[in-house]
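Working notes, beginning with the structure itself.
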Amino acid sequence: MATLTRVPLVFSSNRVAPPPAASLNHKCNCVASPSPLTRKLPHCSTTSSLCFNPFSSSFPSFSTRQNKGFRRTSLVVASMADLSTVLVTGAAGRTGQIVYKKLKERSDQFVVRGLVRTPESKETIGGADDVFVGDIRDTTTLVPAMQGIDALIILTSAVPRMKPGFDPTKGGRPEFYFEDGAYPEQVDWIGQKNQIDVAEEAGVKQIVLVGSMGGTNPNHPLNSLGNGNILVWKRKAEQYLADSGVPYTIIRAGGLQDRDGGIRELLVGKDDELLQTETKTIARPDVAEVCIQALKFEEAKFKAFDLASKPEGVGNPTKDFKALFSQITTRF
């Protein structure tokens, strides 16, 4: 009968060679936190092969275990680095909220931040830590939100208010005004210029600016609202962006509609030509989707275009955005 001999367990203090490189090439299933300010290290299946067996004769020294922990951290940070950090300004607006939400839903592609004007606006979109409060008329308030971003989507705009006392039953047209400090010159020109300047200084790689069709006509009715010349100032900001040298996409949307998106064929044009047709409106979710798709294709960079859609049920819903952007030849 064989005799069993107990062999004492010996811990070696010698460093152990790292595992083969192949063990580091597994697909990572990390789930990244959407906010760069609250990133945590999730459990990662990629690093599971780096765990050691305490009953192995090649038990690693403390320094080796530290290196393996560092390797785990490096892998997670590398996976986060593959995501594009996008700031949406005007994130509490009717279109801005849609863009912000869509980006949050695509946390495997983007790390999203929002910029709003007031704490109350921040609460309307959830009050998350990735939403910053700032004043686009004051560059110093924009810096924290823009540090480290890869892309900026500008959705800020002056908003005319209807003067009280209008009675539609008596005929006539309502009168509009802009609140003090919120005129188009201050918001659509100075405010957008400030955003472009701060983003450029932060090293942004692309800026998507949403404007409006009608800018080629100085006598457009929108310019008369509150005597704000809103399209004039928007156009000036667009030109400033185009001249900045930063890769840009300028989207001049048609009449915005609160309808479902993704069910219409989108149309692109130039120089307000679409305004002369029956297809001069577009759903807000479609504008939001084009903003996000513009971040994914080189064909969208250094382009400016008008955007509208065919009526629902006419044509085929747009799915190939690379092809859509490839149709555009105008830089401004």
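Points to keep in mind about this one:
- Close contacts from the range 167-182, counting a first residue that is of a type in the set (Asp, Glu) and a second that is part of a loop (DSSP other than H, G, I, E, B), with Cβ to Cβ under 8 Å and a gap of 6+ residues or different chains, come to Glu175/Lys163; Glu175/Phe166.
- Looking across the range 258-268, the residues that are in contact with a helix residue (DSSP H, G or I) (Cβ under 9 Å, 6 or more places away or on another chain) and open to solvent by less than 50 Å² (accessible area, probe 1.4 Å) come down to Gly261, Gly262, Arg264, Leu266, Leu267, Val268.
- Screening Val133 against (1) over 23 Å from Thr249 (Cβ atoms); (2) aliphatic (A, V, I, L, M); (3) open to solvent by less than 10 Å² (accessible area, probe 1.4 Å) leaves a single unmet condition, (3).
- Subset of the range 240-257 (residues that are open to solvent by 60 Å² or more (accessible area, probe 1.4 Å) and in contact (Cβ under 8 Å) with a residue 60 or more places away in the chain): Leu256
- Of the residues in the range 196-206, at least one is small (Gly, Ala, Ser) and touching a residue at least 40 places away in the same chain (Cβ under 8 Å).
- Only residues that are open to solvent by 60 Å² or more (accessible area, probe 1.4 Å) and among the small types (Gly, Ala, Ser) were counted across the range 191-226, and they come to 1.
- Given (1) in a loop (DSSP other than H, G, I, E, B); (2) buried (at least 20 other Cβ atoms within 10 Å of the Cβ); (3) out of contact with any Lys or Arg (no Cβ under 9 Å at 6 or more places or on another chain), number of the condition Leu324 does not satisfy: (1)
- Among all residues of the range 289-299, there is none that is over 22 Å from Leu241 (Cα atoms) and outside any loop (DSSP other than H, G, I, E, B).
- Residue that is nearest to the chain's Cα centre (by Cα), among those in the range 200-252 that are over 24 Å from Asp286 (Cα atoms) and among the hydrophobic types (A, V, I, L, M, F, W, C): Val204
- Of all residues in the range 254-273, those satisfying the criterion of being closer than 13 Å to Gly315 by Cβ and assigned to a loop (DSSP other than H, G, I, E, B) are Ile263, Arg264, Glu265.
- The condition of being of a type in the set (Val, Ile, Thr) and in contact with a strand residue (DSSP E or B) (Cβ under 8 Å, 6 or more places away or on another chain) does not hold for Val187.
- Hey, Asp272 open to solvent by less than 40 Å² (accessible area, probe 1.4 Å) and at positive phi or not: yes
- Condition met for Thr139 (out of contact with any Gly (no Cβ under 9 Å at 6 or more places or on another chain), surrounded by 12 or more Cβ atoms within 10 Å (Cβ to Cβ) and not aliphatic (A, V, I, L, M)): yes
- Qualifying residues in the range 288-321 (those that are touching a residue at least 24 places away in the same chain (Cβ under 8 Å) and among the small types (Gly, Ala, Ser)) - the one surrounded by the fewest Cβ atoms within 10 Å (Cβ to Cβ): Gly315
- Yes/no for Thr156 being among the polar types (S, T, N, Q), over 24 Å from Arg117 (Cα atoms), modelled with pLDDT of 95 or more and surrounded by 14 or more Cβ atoms within 10 Å (Cβ to Cβ): no
- Qualifying residue in the range 227-239 (condition: free of Cβ contacts under 8 Å to residues at least 60 places away in the same chain, assigned to a strand (DSSP E or B) and open to solvent by less than 60 Å² (accessible area, probe 1.4 Å)): no
- Evaluation of Lys101 against the conditions (1) open to solvent by 50 Å² or more (accessible area, probe 1.4 Å); (2) more than 19 Å from Val287 (Cβ to Cβ) shows that the sole unmet condition is (2).
The values are calculated or read from the model by the stated rules, or taken from the named source; none is laboratory data. Just so it is clear, the model here is predicted, and its values are computed rather than measured. Heads up, the Cβs are rebuilt from the backbone with ideal geometry, glycines too, and the neighbour counts pull from every protein chain shown. Note: areas computed on protein heavy atoms with side chains; ligands, DNA, RNA excluded. Shrake-Rupley method; radii C 1.70, N 1.55, O 1.52, S 1.80 Å.
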